Structures are given as structure tokens and as C-alpha cells.
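The values are calculated or read from the model by the stated rules, or taken from the named source; none is laboratory data. Note that the coordinates shown come from a computational prediction; the quantities given were computed from them, not determined experimentally. We place every Cβ from the backbone using ideal geometry, glycine too, and count neighbours over all the protein chains shown. Note: accessible area is taken over every heavy atom of the protein model, side chains too, but ligands, DNA and RNA are not part of it. Shrake-Rupley method; radii C 1.70, N 1.55, O 1.52, S 1.80 Å.
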Amino acid sequence: LTILALAACKIKETTTKTSSETASKESFISLYRSGCYGSCPSYKVTINADGSFLYFGKSNVANLGSNKGNIENATKFFEELETVKWKSYPDKYPIDNVDFAQFSLEYSNKNTTKKIQANSNAAKELIDLAQKIDALIKDVEVEKLN
């Protein structure tokens, strides 16, 4: 009976570990846009593969502070992200002009984790991706968290 009880505990421990490992491998992408000397929007958004997102508006945006929302049909977008050759891009592009806004992209899935600090000198694919994220969240209803 003691052996069965110990075996049951071991099975429970393995199952719990597997669930937490699966949760930690959830795919996400984050976009951070910094401010500029003008009225550039400054915010960070993190979109999960299930379409849920967290948004923190810092300045020159309609939704200031912490917010959350959901993007319908995010699956197709994340399938597209899997085709990006993340490792082919440098981790950081040199600052092109301190007056201009900079942006960062961070992507993670079970196989890849990449963070890129970019600006107007970044590869066109990265600039387009940042604009696509902007478009995804533009008209989505958000819920204030604070």
C-alpha cells in the first residue's frame, strides 16, 4: 500500500510539472513603442497565441495605463509569425535619430525566443510586422485593469 501511495505522489508531481512546462511555452509577441520629442504614441502590448492581450499605454494614446483585451482569430497571425526568420535579424539596430521613436519586438514560442530593438532602419519585414500589430489592436475594445 505504501508503494502505491508513493507512486501516486510521483505521478501527480510529473503531471504538474508537465502542465507548467506547457504553460511556459505559450507563444506571444510584444511590441513596445517608445516616445519621441513630438507626440509619438508610447505603449507596450503583449499578444498571446490565444488572442488575449495586455496593453499598457504610457503617453499619446487613447487608453492610458493597464488594459486587457482579446483579438479574434489570432491563430492565423501566429501561424504567420512562425514563418518569420527571427534569427536572421540582429538583436539591435543602431539608433538612427534620437528624435525619432524606437520600437522593440519580442517573440517567443516553444522553439524560438527573440528580442529586437529597432527603428526606421530596421528590416522592412520588422517595420511591417510592428504596423500589423498596431492595426490588430487599433479598433479592439479594451478593459481597464486599474
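What residue, among those in the range 60-99 that are among the small types (G, A, S) and modelled with pLDDT under 95, is surrounded by the most Cβ atoms within 10 Å (Cβ to Cβ)?
Among those that are among the small types (G, A, S) and modelled with pLDDT under 95, it is A74.
Among (1) modelled with pLDDT of 85 or more; (2) assigned to a helix (DSSP H, G or I), there is one condition T14 misses while meeting the rest; what is its number?
Every listed condition holds for T14 apart from (1).
Exactly one condition in (1) within 24 Å of N97 (Cα to Cα); (2) open to solvent by less than 80 Å² (accessible area, probe 1.4 Å); (3) modelled with pLDDT of 90 or more is false for G35; which is it?
G35 satisfies every listed condition except (3).
Which residues, taken from the range 39-74, are part of a loop (DSSP other than H, G, I, E, B), farther than 23 Å from T113 by Cβ, touching a residue at least 12 places away in the same chain (Cβ under 8 Å) and not hydroxyl-bearing (S, T, Y)? Talk me through it step by step, then tell me what you get.
The initial filter retains those residues of the range 39-74 that are part of a loop (DSSP other than H, G, I, E, B), namely 39-41, 49-51, 60-64, 71-73.
Subsequent filtering for residues that are farther than 23 Å from T113 by Cβ retains 39-41, 60-64, 72-73.
Of the ones still in play, those that are also touching a residue at least 12 places away in the same chain (Cβ under 8 Å) are 39-41, 60-61, 63, 72-73.
Result: C40, P41, N60, V61, N63, E72, N73.
Criterion first (within 13 Å of the chain's Cα centre (by Cα), at pLDDT below 95 and open to solvent by 30 Å² or more (accessible area, probe 1.4 Å)) does L145 satisfy it?
no
Could you run through the range 100-123 and say how many residues are part of a loop (DSSP other than H, G, I, E, B), open to solvent by less than 100 Å² (accessible area, probe 1.4 Å), more than 20 Å from S42 (Cα to Cα) and not hydrophobic (A, V, I, L, M, F, W, C)?
Residues flagged as part of a loop (DSSP other than H, G, I, E, B), open to solvent by less than 100 Å² (accessible area, probe 1.4 Å), more than 20 Å from S42 (Cα to Cα) and not hydrophobic (A, V, I, L, M, F, W, C) within the range 100-123 amount to 2.
Could you check the range 67-94 and list, in sequence order, the residues that are touching a strand residue (DSSP E or B) at 6+ places or on another chain (Cβ under 9 Å) and of a type outside the set (F, W, Y)? Spell out the reasoning first.
Our first condition is that a residue be touching a strand residue (DSSP E or B) at 6+ places or on another chain (Cβ under 9 Å); within the range 67-94, this holds for 67-71, 74, 77-78, 81, 84, 86-87, 89-93.
Residues satisfying the conditions are N67, K68, G69, N70, I71, A74, L81, V84, K87, P90, D91, K92.
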